[in-house]
1. What is the set of long-range amide H partners of residue 176 at a cut-off below 5 Å, with H atoms built 1.01 Å from backbone N?
2. Using only the Cα atoms of region 73-125, what semi-axes does the equivalent ellipsoid have when each is the square root of 5 times a gyration tensor eigenvalue? Give whole Å, largest first.
3. Find the centroid of the Cα atoms in region 123-169 and in region 1-37, then give the distance between the two in whole Å.
4. List the pair-distance distribution P(r) of the chain, using every Cα-Cα distance, as the percent of pairs falling in each 10 Å bin from 0 up to the bin containing the longest distance, rounded to whole percents.
5. Got a sec to turn the phi values of region 230-247 into Karplus ³J(HN,Hα) couplings, 6.51 cos²θ - 1.76 cosθ + 1.60 with θ = phi - 60°, whole Hz, x for Gly and Pro?
6. State the Kirkwood hydrodynamic radius of region 1-149 in Å, one decimal place, computed from all pairs of distinct Cα atoms.
7. Per residue of the chain, what 222 nm ellipticity follows from adding -39500 (n - 2.57) for every DSSP H run with n ≥ 4, rounded to the nearest 500?
8. Please go through the residue pairs 28/74; 2/28; 2/138; 74/125 and name each one whose alpha carbons sit more than 26 Å apart in this structure.
Amino acid sequence: MKVISTEKSQILAARIAGALNTSIVDVKFSRFPDGELYLAAGELDDETIIVGSVTDSDALVQLLLLIDACEGSKNHLVLPYMGYARQDKRFRNGEPISARAVARLFGRGVENCITVNIHEPEVLKYFDVPTTNLSLAKDMGAYLRSMGLSDPLILAPDDGALGFADDVASVGGWDYDHLEKTRLSGVDVKMAPKKLCAASRSVVIVDDIISTGSTIATAANMLYQQGATEVYAACVHGVLIGGAYVHLKANGIREVFCSDTIERGCSRISAADRIVAALRG
Ligand code: R5P
């Protein structure tokens, strides 16, 4: 068995290979003169763990090319971050169900698939191969415990993320709750008044994705107005577009961190052990 990865998931893939005590395949990545992606994989084995986050369209194409390069091997796909998963239904006539379109691409060439905190678990039904979704909530809780925060309040930015906040909080037996938000546009979020008391507390806002950071920046401002002593932001997938990290820091977030499903300078949690445990069944 060997591990192979796209360019966007090299570090996580190396961690997975290390935990499995197996080797990682050397892959050369480049482009044709017209911009099309090219890759050439080194020596493969008869069983391969293919690791590739879909962070953008090029990452998706590169992952498809990699799966094709591994033809002839028994392949297991690890999709740490599945981009396009947020368009999980047809909100307006004429729209695609992007999550379905992407999931269907992985119906050939792999035996099974592992996802991590997929945005909407309902999307799993769109995969044509058996797919398991893992959660890093407990790992996030373990990292928070290692930070030594005093009785933190774990907050989900909306009720949809409350179960995730509950799982994070359960690690330390901490309080958890959720805020209410109204999304005004793709980037603007209005936070409605809430009932919980954040005064004189350390607050950790947890979510599956931080994209523009506007949800959490808005929440943080509100929490500071209510007397929170410090606000942290944690997510599984640090999409962090448009200067999101700086936006959060500029809005008083003490520390922003994510996992290595998307490899960032602020990736403090690794999905590797949980993925390896799932691969071992
Ligand atoms: C949405 O439902 C997700 O769970 C996140 O709350 C959202 O993607 C965060 O977006 P942003 O960082 O742009 O506010």
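Just so you know, all these numbers are worked out from the coordinates, no wet-lab data involved. Just so you know, these numbers come straight off a predicted model, no measurement behind them. Heads up, the Cβs are rebuilt from the backbone with ideal geometry, glycines too, and the neighbour counts pull from every protein chain shown.
1. Correct list: 154.
2. 22, 12, 7
3. 27
4. For the chain, the binned pair fractions read 7, 28, 33, 21, 10, 2 percent.
5. 7, 10, 10, 10, 10, 9, 7, 10, x, 5, 6, 8, x, x, 4, 4, 5, 4
6. On the way: mean 1/r = 0.0613 Å⁻¹.
By the Kirkwood definition, the hydrodynamic radius is 16.3 Å.
7. Values: 8 runs with 80 residues, N = 281.
Roughly -8500 deg cm²/dmol at 222 nm, from the helical runs in the chain.
8. On the way: 28/74 21 Å; 2/28 16 Å; 2/138 28 Å; 74/125 22 Å.
Table pairs above 26 Å Cα-Cα are 2/138.
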